[in-house]
1. Which residues, taken from the stretch 20-29, are modelled with pLDDT under 95 and either under 21 Å from PHE112 (Cβ atoms) or crowded, with 16+ Cβ neighbours inside 10 Å (or both)?
2. I'd like the residue in the stretch 110-141 that is among the basic types (Lys, Arg) and either over 17 Å from VAL79 (Cα atoms) or not in a loop (DSSP other than H, G, I, E, B) (or both) and, out of all such residues, is nearest to the chain's Cα centre (by Cα).
3. Check every one of the helices (runs of 4 or more DSSP H) wholly within the stretch 1-109 and list those with 1 or more residues that are within 20 Å of LEU120 (Cβ to Cβ) and of a type in the set (Gly, Ala, Ser).
4. What number of residues in the stretch 83-141 are of a type in the set (S, T, N, Q) and within 16 Å of VAL45 (Cα to Cα)?
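The values are calculated or read from the model by the stated rules, or taken from the named source; none is laboratory data. Computed from a predicted model, the values in this text were never measured in an experiment. Heads up, the Cβs are rebuilt from the backbone with ideal geometry, glycines too, and the neighbour counts pull from every protein chain shown.
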Amino acid sequence: MLSTDQAQAFLASSFARWVQALDLRVDQITPEGRAVLSMPITDDVARMGGIVCGQALATLADTTMVMATAAHFGEPRDVATTNLDTQFLSAGRGERISCTARITRAGRSLIFAQADLVALPDGRPVASASATFFVPEKAAR
């Protein structure tokens, strides 16, 4: 089973620096293929009126769904996003954006995931996303 500390270390060591610059925090990982990450709302991700930009929301959703695949496998695995569909529901304002992702179907080479993003502290829905990930064969060691 993957712990939140292990997932946070995976985030720090394996994701692009610009993703790491979002200061994402792994809040929860479950063995059922569920992950919760959150992102602080800072001047770096906010646009006019303190609204979080869509690019940051889409990145949070994609990254959280990648963490859900790691939770599903019980360890970090290489996956490649083949499709990402994001629906922006309302302006993201507040202190943090929390994203909860879950695996909806896992096959041998494709994994399907869903994510819901809410603004904190009020819990208002901000966006919803779905993605498909390609899972390459594990290399023989």
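1. Once the filter is applied, which keeps residues that are modelled with pLDDT under 95 and either under 21 Å from PHE112 (Cβ atoms) or crowded, with 16+ Cβ neighbours inside 10 Å (or both), the stretch 20-29 yields nothing.
2. ARG124
3. Details: elements: 4-14, 17-20, 54-73.
Of the helices (runs of 4 or more DSSP H) lying wholly inside the stretch 1-109, those with at least 1 residues that are within 20 Å of LEU120 (Cβ to Cβ) and of a type in the set (Gly, Ala, Ser) span 4-14, 54-73.
4. Residues that pass the stated criteria total 2.
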